[in-house]
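The values are calculated or read from the model by the stated rules, or taken from the named source; none is laboratory data. Worth saying up front: this structure is predicted, and the values here are computed from it rather than measured. Reconstructed Cβ throughout: ideal geometry from the backbone, glycine too, with neighbour counts over all protein chains shown.
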Amino acid sequence: MRGEGNAARPRDHKVFFAGNPKSHATRQAIFDELKESPLFNLHGKALLPERYIFALKRHTYCLHLPGHATWSPRLIEYIWFGCIPVVVGSEYFLPLSGMVDWRLFSIGIGIEEISNLPELLQTVSKQRQQHLRNNLHKVAPLFMYHAKPRFGDAFYATLYQLYRRSRFIQRGLTKTDLYEFRHIARQQAKPYGAPHGGLVASYAYAPVCDLRLSWVYQTNDECKKGGKPYSITGAGCS
């Protein structure tokens, strides 16, 4: 579904969002604060699929806002079509955040920064925008399922996450440990609710630097134990 060339596609619009503003106070605040801004293209209801996909292909940034549910596909759709996600909020545990560093292909802000969002986005250089979009293009396969799984797609990424969690559980940590990890993340980690490199629980996972999976982003804390470099799409700990 992801069109090739999305990373280089010219984008003549700035910030996009389509959804019910009344489903969350933060959404309503965004609409009230920014609906008159020329930088923002805000729609108060869902668009038809053709218009929606066209919008994702033509905008530089797409807002990911809190709503009444956490299973919305928006965030993944943004990645598929190369629209840089702007994640508003600090309580997220983002998909595959134990494998990829979301700060390398998205922008995150706290709810309290909503009024400054236009200024914040205008300070992002063209070079930085292209860097984020190039990284979107690189990580997109991790978020795509296929009828027959392909190595490096969402099926394998999910298996890898389950493998890491199983190693974590085998260490004998309890649910209390998990609650403590999540509490620390919410208190210390912004904007995504997870420390550098991914899920807060990743600090307790067994080291995975011995796995040579070219599509896996090894976290800094896991790799630096052996003094090895890490990369969003390189050979991990090489």
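Here are a few things to note about the model shown:
- Test: residue in the stretch 118-133 that is surrounded by fewer than 16 Cβ atoms within 10 Å (Cβ to Cβ), part of a helix (DSSP H, G or I) and among the hydroxyl-bearing types (Ser, Thr, Tyr): no
- Of all residues making up the stretch 23-45, the number that are out of contact with any strand residue (DSSP E or B) (no Cβ under 6 Å at 6 or more places or on another chain) and either closer than 18 Å to Cys83 by Cα or surrounded by fewer than 12 Cβ atoms within 10 Å (Cβ to Cβ) (or both): 5
- Taking the criterion of being among the polar types (S, T, N, Q) and more than 22 Å from the chain's Cα centre (by Cα), the only residue of the stretch 29-69 that qualifies is Ser37.
- For the stretch 134-157, a tally of residues being assigned to a helix (DSSP H, G or I) and not small (Gly, Ala, Ser) returns 11.
- Odd one out for Tyr160, checked against (1) in a loop (DSSP other than H, G, I, E, B); (2) in contact (Cβ under 8 Å) with a residue 40 or more places away in the chain; (3) surrounded by fewer than 21 Cβ atoms within 10 Å (Cβ to Cβ): (1)
- You will find that of Gly44, Gly5, Gly67, the residue that is closer than 20 Å to Leu142 by Cβ, among the small types (Gly, Ala, Ser) and at pLDDT below 95 is Gly5 and no other.
- Of all positions in the stretch 95-113, none carries a residue that is in a helix (DSSP H, G or I), more than 25 Å from Thr26 (Cα to Cα) and without any contact (Cβ under 8 Å) to a residue 24 or more places away in the chain.
- Of all the residues in the stretch 14-67, those that are under 21 Å from Arg133 (Cβ atoms) and in contact with a helix residue (DSSP H, G or I) (Cβ under 9 Å, 6 or more places away or on another chain) number 17.
- Single residue of Ala189, Ala185, Ala140 found to be buried (at least 18 other Cβ atoms within 10 Å of the Cβ) and at pLDDT below 90: Ala185
- Answer residue from the stretch 68-90, given it is of a type outside the set (A, V, I, L, M, F, W, C) and free of Cβ contacts under 8 Å to residues at least 60 places away in the same chain and is nearest to Leu39 (Cα to Cα) among those: Pro85
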